[in-house]
1. Express the relative contact order of chain A as a whole percentage, based on alpha carbon pairs under 8 Å and six or more residues apart in sequence.
2. Would you please calculate the Kirkwood hydrodynamic radius of the stretch A:364-486 over all C-alpha pairs and express it in Å, rounded to one decimal?
3. Per-residue mean of other chain beta-carbon atoms within 10 angstrom of the beta-carbon, peptide A:298-311?
4. How would you rank A:316, A:230, going from fewest to most other Cβ atoms within 10 Å of each one's own Cβ?
5. Over 17 Å, how big is the tail of the calculated P(r) for the stretch B:32-114, in percent of all Cα pairs?
6. Any idea how far the Cα center of the stretch A:214-241 sits from the one of the stretch A:247-275, in Å?
7. Quick one, could you list the DSSP H helices from chain A stretching 24 Å or more along their long axis (Cα atoms) with average Kyte-Doolittle hydropathy of 0.0 or above?
8. Relative contact order, percent, of the stretch B:32-114 when contacts are C-alpha pairs under 8 Å separated by at least 6 residues?
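Derivation of every value follows stated rules applied to the coordinates shown; laboratory data play no part. Only a predicted model underlies this, so the values are computations on that prediction, with no experimental measurement involved. No Cβ is skipped: glycine too gets one built from the backbone with ideal geometry, and neighbour counts run over all protein chains shown.
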Amino acid sequence: MIAAAIVLVVLVTLLIGARGVAAIRSTSDFLVASRRISPTLNAAAVSGEYLSAASFLGVAGLVLKDGIGALWYGVGFTAGYIAMLALVAAPMRRTGALTVPDFAEARLGSAGLRKLSAVVVLVIATLYLVPQFKAAGLVLTVVTGTPYWVGVVVAGAAVSITLALGGMRAATYVQAFQFGLKLLLFIIPAIWLVSHVGADTRRDALAPVEFTRFDRAAPVEFRLDVELTITEPTPVSISGGPAEVLRPGRYEAVAGSTWTFPAGAAVPKVDGALPPGGDRWSRPLLDPNDSGYPLLSTLSLLMATVLGAMGLPHIIVRFHTSSDGRGARRTAAITVALLSVFYLFPGVYGALGAVLLPELYLAGGTDTVVVALPARVDSGPLGTLFTALLSAGAFAAFLATSLGLLLAMSGAVSHDLLPGATVRRLRLTTLGAAVFVVAVALPAAHLDVGALVTSAFAVAASTFCPLLVLGIWWARLTARGAVVGMVVGLVASAGVIGASFFLATPPGLAATLLGQPALWSVPLAFLTMVLVSLRGRPPAWATAAMLRLHLDETERSRQRR
Amino acid sequence: MTRQRRATVTSPQTRLAMARRRTGVRAELPHLAPADLERARRIHRAQLRRAVVAVALLALLIIGLPVVLAAFPGLDEVRVAGVPVSWLAVAVLPYPALVLLAGWQLRRAERVERHRELP
């Protein structure tokens with residue numbers, strides 16, 4: 001049944017994709033769907049594209065893992081569209097450029113900047129795509145028992161076939177459809193869960209107590225290798241074997257094993273993880289690295305998500321599907337409202353998960369809390385039905401986001417890095433990009449969905465955000481300033497995050513500043529761009545190139561024709 | 001037609017123009033007629049002022065809320081209908097505020113264009 005629901009989502013996606021095939025005439029059609037899409041439909045498509053696995057599964061999972069403060073993710077993801085509305089949407093649409101690299105060349109006339117922007121597109125898209133495919137594999141592993149790689153390969157195949165058949169015209173319908181689907185599949189199970197769990201659980205969810213003892217015999221299925229510290233002699237049954245008493249000390253639980261703890265047993269400790277329900281967990285500030293600087297971590301996350309949204313390559317492309325600058329601005333405003341509805345609900349799953357499935361934090365499986373809750377609440381057919389609905393929604397989320405990201409990647413390769421794009425080449429590149437991402441996602445099972453997506457936002461905020469904001473509002477920006485600023489921003493965000501994967505994380509303030517660099521990397525990139533630009537001279541046409549982005553289309557065409 | 005076939009020029013602007021030609025958008029170097037230039041300058045100033053105000057309000061909201069929550073941990077204990085106020089402040093409160101801010105900024109930005117309401 002669960003598999004059937006997922007297959008249905010893939011089939012409908014393919015069908016809607018096939019509908020758009022007849023409409024493809026040229027590369028520009030493939031990329032931006034001929035710009036004939038109303039603001040509301042486009043806003044639904046933007047939201048559909050934007051609500052990825054990180055939103056559908058990740059935010060609730062992070063609430064369970066890091067506490068109520070993880071709800072700031074939703075706020076930042078939504079608020080990004082206000083920054084977009086105020087600073088970028090309309091002028092960016094008026095450039096007539098198809099992508100950020102196009103914008104870079106149109107505004108600053110530098111082919112080198114275009115290529116650099118294309119490289120940044122590839123970095124952001126990879127950081128964003130890998131967790132989507134990881135989540136696809138994870139959900140299939142949890143609900144159907146298939147191996148991780150099957151889910152990853154199935155997702156990759158579905159997404160790349162849809163794109164290669166229909167391009168973005170198809171993707172606009174697909175995304176708008178997927179937004180409605182995801183909204184329903186997220187909200188209805190949430191309402192059912194809240195009404196079904198009973199008054200006691202509801203009360204417990206709002207006044208959580210720290211998870212220190214198992215309140216029932218709980219099987220803990222380890223998704224990753226986890227090091228546990230057992231604090232008192234505990235009888236544990238490992239993978240169905242007879243219960244043996246483990247003495248206090250450190251133990252290694254290997255991925256794939258199931259440890260069953262008896263009711264009343266003390267919960268083992270996990271390094272660096274926060275037991276759900278405690279005082280620190282209940283604080284509405286985010287401190288994922290346990291650095292002791294929750295306010296700073298929260299603000300850094302908000303800086304990355306709010307300013308990163310405008311720099312996400314797959315979202316920027318979608319604003320060009322609006323008919324004109326005004327349409328793009330309206331699209332951004334409607335998107336804020338649509339996302340606001342969605343993000344009211346991850347907290348419901350997170351708070352219920354902390355009461356009903358706190359053991360997920362031990363197992364490294366917090367990303368699965370959304371799809372695991374229905375079966376925990378109702379072991380009958382109704383629970384299975386809602387598991388199926390949520391799995392279908394989660395799969396819709398991977399498909400939707402991956403469509404746009406693969407398009408942005410293939411666009412960057414075949415449009416910007418290589419000259420002379422053709423429809424045939426775009427389709428082939430899409431396929432190639434999908435194969436590449438699947439190959440990277442296969443060994444990435446241990447990475448956190450939410451953390452990777454946030455680093456994609458941090459990179460976007462440190463590179464494209466200053467380029468777009470200064471390019472649109474400041475005539476003195478020079479190509480050299482933009483290049484140096486973007487390189488500095490890229491190294492400060494992607495470089496630091498990449499290094500922190502390999503090096504041991506330092507404690508305290510440094511952990512926050514390196515794990516979540518947006519708070520300093522974004523201002524640094526802005527400052528570099530401004531200072532280097534001030535040392536040079538913009539070309540004579542720079543003022544006109546900037547100002548024309550602010551003339552609305554109707555006024556200008558009356559002058560011209 | 002003849003102009004469209006001259007494809008060997010290699011400056012970035014020309015290559016951009018080539019890309020535009022394929023997409024059916026007219027190629028042009030960035031320039032504005034003097035009347036357009038003056039109007040664009042005024043619109044730019046008016047829109048910039050509105051955008052800065054909107055972004056400042058946004059910053060006030062999303063920086064202010066965490067600061068308030070950090071400064072007053074007592075809000076965790078205050079409850080409305082059983083829910084801690086500090087949870088509502090992050091889970092619910094920001095969204096209506098964001099929607100209102102978006103609608104307000106959209107109206108102001110469109111008014112600049114529609115009525116030429118300029119300084």
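1. Here the relative contact order equals 29 percent.
2. The Cα-based Kirkwood calculation yields 18.2 Å.
3. Counting Cβ atoms of other protein chains within 10 Å of each residue's Cβ and averaging gives 2.
4. Neighbour counts put them in this order, fewest first: A:230, A:316.
5. Percent of Cα pairs beyond 17 Å in the stretch B:32-114: 61.
6. Each part reduced to its Cα centre gives a spacing of 4 Å.
7. A:2-19, A:111-144, A:148-196, A:325-342, A:381-411, A:423-441, A:449-473, A:518-535
8. Numbers: 31 pairs, mean separation 30.8, N = 83.
About 37 percent, as a whole number.
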